[in-house]
1. From GLU68, GLU155, which residue is buried (at least 17 other Cβ atoms within 10 Å of the Cβ) and on the phi < 0 side of the Ramachandran plot?
2. Looking at the structure I just gave you, is LEU183 within 16 Å of PRO389 (Cβ to Cβ) and not in a helix (DSSP H, G or I)?
3. Quick one: which residue in LEU346, LEU328, LEU305, LEU324 is touching a residue at least 24 places away in the same chain (Cβ under 8 Å) and either on the phi > 0 side of the Ramachandran plot or more than 24 Å from the chain's Cα centre (by Cα) (or both)?
4. For LEU165, are the conditions met, namely being more than 23 Å from ARG377 (Cα to Cα), modelled with pLDDT of 85 or more, away from the ligand (no atom under 15 Å from the Cβ) and not in a strand (DSSP E or B)?
5. Pairs, please: C-beta under 7 Å, at least 6 apart or cross-chain, first residue under 18 Å from VAL341 (Cα atoms) and free of Cβ contacts under 8 Å to residues at least 60 places away in the same chain and in the stretch 256-275, second of a type in the set (Gly, Ala, Ser) and more than 8 Å from the ligand (Cβ to nearest atom)?
6. Assess whether SER174 counts as being assigned by TED's automatic domain parsing to the domain that holds LEU115 and part of a helix (DSSP H, G or I).
7. Specify which of the listed residues (LEU198, LEU176) is touching a residue at least 60 places away in the same chain (Cβ under 8 Å) and more than 16 Å from the ligand (Cβ to nearest atom).
Amino acid sequence: MPESAAPQAPWASEPPRTLGARSANDQVRQQNLSTVLRLVHSEGALSRAAIGEAVGLNRSTVAALVAELLELGLVRETSSAPTGRVGRPSVRVEADDSVVALSISVEPDGVQLGLVGLGGAVHSRVRHDLASAPSPRRFASIAASLVDGMRADIERHYRLVGAGLAVPGLVDPSGLVLVAPSLGWKREGIAARLTNALGVPTSVGNLAGVGAFAEARFGMGRGIDNMLYLSGSRHGIGGGLIFDGNLLRGTNGFAGELGHTVVNPGGARCECGRRGCLAAEVTPNRVLDMLGRKKLDEDELDIELGVMRDARITAELERQVDLLSTALTNFVNAFAPQTVVLAGYLGVLLSTSRERLSDAVTVQPMGSEGRQIRLERSRMRSQLMQIGPAELAFAPLLADPASLRL
Ligand SMILES: [Zn+2]
């Protein structure tokens, strides 16, 4: 019988083991390493068996992948007390938090720097208050001096992989800040400027997008594929859409600019030039004016609103909650998220008016029963702005853990 007529084995169509085949195997291995590292990064310590179950790989494959991550210094083993009366302590695998990233955020009133370990541990943080919005140059020099203050500690105890920066503005995928109105920045190549000033690769992202990502990985969005995140502050409203586990970027990274959804035609003038945008109508600035306060953080505002008995302020809050409800109803109809997370000032409004806002996210398509979408207040609070930017810096490492060896 001629060889070509032999029955084909199922593997016969595999390409010969050339360079192409090897790199395909390498790709699978890289993907598996990445999946395991991401898992322990966001979920915390897990046994090898639990890792295998979560990622759908067999025992020996998981053992080999964990061995490689141990060798790379990206994970470590911890022992926990035995759960039963008999048995050995169980060994679990966790992200090694001595692998760190610098987490930086800039707003008109200050610069924050944090040192964040793999796994989301915030090792330290500092803040530099500002009287006015910094120029890109001034900001870079402030950031560099804050990092210098941490440098001895970093060199002694940690492995620094890079820096992540969150900016309240539109950032294109290359890290160019197209416009950041509250900072007065336009077409600013801040990633390159910071990479120079700090001496480590720096990635840049939009403040709200970065917040959404941190919330998705470590907060209320854990294990959820589709989440709408909306955050409010004195400087505006930003949004982030996590779709099938990824941050939806849209053309030039413009997706998620939900703060400029018009909810009150003819209403207050917005910085974008239109009238009645969500960001111009639903803002703590009016409430702070009525309270006679200049600046309150989220926790302080919770307390103040909990005890105040001013009918004017109550009416203003109700007005804002109604407009936010309108926007939320439109967003859940447009994006069908599993969960909506409200952060910052919008989280404060959720705590004052949970019932009204819950109604707004109950979708009632014609002819079927209402579908309740989970509505949650951000769990991350002040930690969010530490962990979020660091995720930008960890992204290349999480995608290709073996790159650390190069
Ligand atoms: Zn606007």
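1. Working: GLU155 fails: buried (at least 17 other Cβ atoms within 10 Å of the Cβ).
Going through GLU68, GLU155 in turn, the sole match is GLU68.
2. Spelling it out, LEU183 is indeed within 16 Å of PRO389 (Cβ to Cβ) and not in a helix (DSSP H, G or I).
3. LEU305
4. So LEU165 fails the test.
5. Listed by first residue and then by second, the contacts come to GLY256/ALA208; GLY256/GLY209; GLY256/GLY239; GLY256/GLY240; GLY259/GLY236; GLY259/GLY238; GLY259/GLY239.
6. Against the criterion (assigned by TED's automatic domain parsing to the domain that holds LEU115 and part of a helix (DSSP H, G or I)), SER174 does not qualify.
7. LEU198
Here's the yes/no breakdown for (1) surrounded by 17 or more Cβ atoms within 10 Å (Cβ to Cβ); (2) closer than 28 Å to ASP96 by Cα; (3) modelled with pLDDT of 95 or more; (4) within 28 Å of the chain's Cα centre (by Cα):
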{"site": "SER13", "(1), (2), (3), (4)": "no, no, no, no"}
{"site": "ARG17", "(1), (2), (3), (4)": "no, no, no, no"}
{"site": "ARG22", "(1), (2), (3), (4)": "no, no, no, no"}
{"site": "GLN30", "(1), (2), (3), (4)": "no, yes, no, yes"}
{"site": "ARG38", "(1), (2), (3), (4)": "yes, yes, no, yes"}
{"site": "GLY44", "(1), (2), (3), (4)": "no, yes, no, yes"}
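The values are calculated or read from the model by the stated rules, or taken from the named source; none is laboratory data. If you're wondering where the values come from, they're calculated on a predicted model, not measured in any experiment. Cβ atoms come from the backbone with ideal geometry, glycine included; neighbour counts cover every protein chain shown.
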